[in-house]
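Presented below is the structure to which this report refers.
The values are calculated or read from the model by the stated rules, or taken from the named source; none is laboratory data. All figures in this text were calculated on a predicted structure; none of them were measured in a lab. In this analysis, Cβ positions are derived from the backbone assuming ideal geometry, glycine residues included, and neighbour counts consider all displayed protein chains.
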Amino acid sequence: MGKEFHFYDKIKSSKWLFLGVYVELNVRRFIMIKTDYYQNLLKRTCMRNNISPRRVRFENIEDLVVIHVKNQLKEGVDLESFKILNFILQTVVHFDIKFNEQLYYYPGGNRLDRVAVTIEKDDYVLLIKKIEEGDV
C-alpha cells in the first residue's frame, strides 16, 4: 500500500481562490483527526446495549466538540439517554477532562429535548490519544 497523503501535514497556511475571492486558510486552527476512537467507542457501546446510535450526534464548532444526546421521552429523561450520558461522564471524568453540560428544553414547557456535553477540542484530541495508546 502506498503512503497516505495528508494535505494538512504539508502546509502551515495557504491562500485559495474560491469564487473569485482569495481565502486564507489557517491550518493550525484545524486539528486533523484520522480516526475518532471516542466516537466509535460511544456508537459501538450504544449498539451493544440495543440503543440506536443515531441518538448521539457529534458536532465540531471552532475550538469545541459538542456531543448531543437526544431525549425521546415526553416527560422526564428516558433510561437510554441516561445510560449514554452516564457512559460519557464516566469516560470524560476518568481522564480529568473539563466539560460543560447544557440542557435544551422545548419552548413553552418542561419537556427535555436533548443534553449537550461540550469539550474543548484540545482536550478531546488528548482523550482520543489516550484511548489510542490504551491508557484506559
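Observations on the structure shown:
- Residue pairs meeting the criteria (Cβ under 7 Å; at least 6 apart or on separate chains; first part of a helix (DSSP H, G or I), in region 116-136; second buried (at least 17 other Cβ atoms within 10 Å of the Cβ) and among the aliphatic types (A, V, I, L, M)): Lys121/Val65; Tyr124/Val65
- Scanning region 71-81 for residues that are surrounded by 15 or more Cβ atoms within 10 Å (Cβ to Cβ), part of a loop (DSSP other than H, G, I, E, B) and in contact with a strand residue (DSSP E or B) (Cβ under 8 Å, 6 or more places away or on another chain), we see that the one that is modelled with the lowest pLDDT is Val77.
- Within region 95-121, the set of residues being out of contact with any strand residue (DSSP E or B) (no Cβ under 7 Å at 6 or more places or on another chain) and surrounded by 12 or more Cβ atoms within 10 Å (Cβ to Cβ) comprises Phe95 only.
- Qualifying positions in region 82-115 - outside any helix (DSSP H, G or I) and of a type in the set (Val, Ile, Thr): Ile97, Val115
- Subset of region 83-94 [over 15 Å from Met47 (Cα atoms), of a type outside the set (A, V, I, L, M) and surrounded by 14 or more Cβ atoms within 10 Å (Cβ to Cβ)]: Thr91
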